[in-house]
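A.B. asks: Starting off with a structure, shown below.
Only the coordinates and a few stated rules stand behind these numbers; no lab work does. Since this is a predicted model, take the numbers as computed values, not measurements. Reconstructed Cβ throughout: ideal geometry from the backbone, glycine too, with neighbour counts over all protein chains shown.
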Amino acid sequence: MAWHEFAPFASSNVAAARYDSEQLLLEVEFHNGSRYHYYDVPNYIAQAFEQADSKGQYLAAYIKGHYRYSRV
């Protein structure tokens with residue numbers, strides 16, 4: 001895998017995120033320690049998520065419920 005680590009950011013819900021553009025895999029880690037993989041996430045969605053002012057709001061609006069996921 002060729003992970004792209006998101007630059008550090010401040011969020012009340014999301015602790016960290018990274019993206020593998022070869023596998024279209026977005027990994028999101030939450031402050032409670034849980035991690036999720038979101039599958040088949042297009043590059044433009046991952047880029048918009050990385051640039052979003054509110055990671056939690058973007059995740060809820062454009063990723064959760066739109067892409068398959070599993071807890072890691």
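A.B. asks: For the chain, what is the convex hull volume of its Cα atoms per residue in Å³? Walk me through the intermediate numbers first.
C.D. replies: Values: hull volume 5.8 nm³, N = 72.
Measuring per residue, one finds 81 Å³ for the Cα hull of the chain.
A.B. asks: Now, a different point. In debye to the nearest 20, how big a dipole does the chain give about its Cα centre with +1 on each Lys and Arg Cβ and -1 on each Asp and Glu Cβ?
C.D. replies: Values: 6 positive and 8 negative charges, 58 e Å.
Charge dipole, the chain, about its Cα centre: 280 debye, nearest 20.
A.B. asks: Could you work out the local net charge near Phe30, counting Lys and Arg as +1, Asp and Glu as -1, over the other residues with Cβ closer than 15 Å to its Cβ? Provide the component values of the computation, followed by the final result.
C.D. replies: On the way: positive: Arg18, Arg35, Lys55, Lys64, Arg71; negative: Glu27, Glu29.
My count for the surroundings of Phe30 gives +3.
A.B. asks: Next up: Among His4, Gln51, Ala61, flag the residue with its Cα farthest along the positive direction of the charge dipole of the chain, charges on Cβ as +1 for Lys/Arg and -1 for Asp/Glu.
C.D. replies: Checking the options against the dipole of the chain, the answer is Ala61.
A.B. asks: Scanning the chain for trypsin sites (Lys or Arg not before Pro) in DSSP loops with at most 16 other Cβ atoms within 10 Å, what's the longest stretch left with none? Each step should come with its number before you reach the end.
C.D. replies: Working: sites that count: Lys64, Arg68.
Segment 1-63 is the longest.
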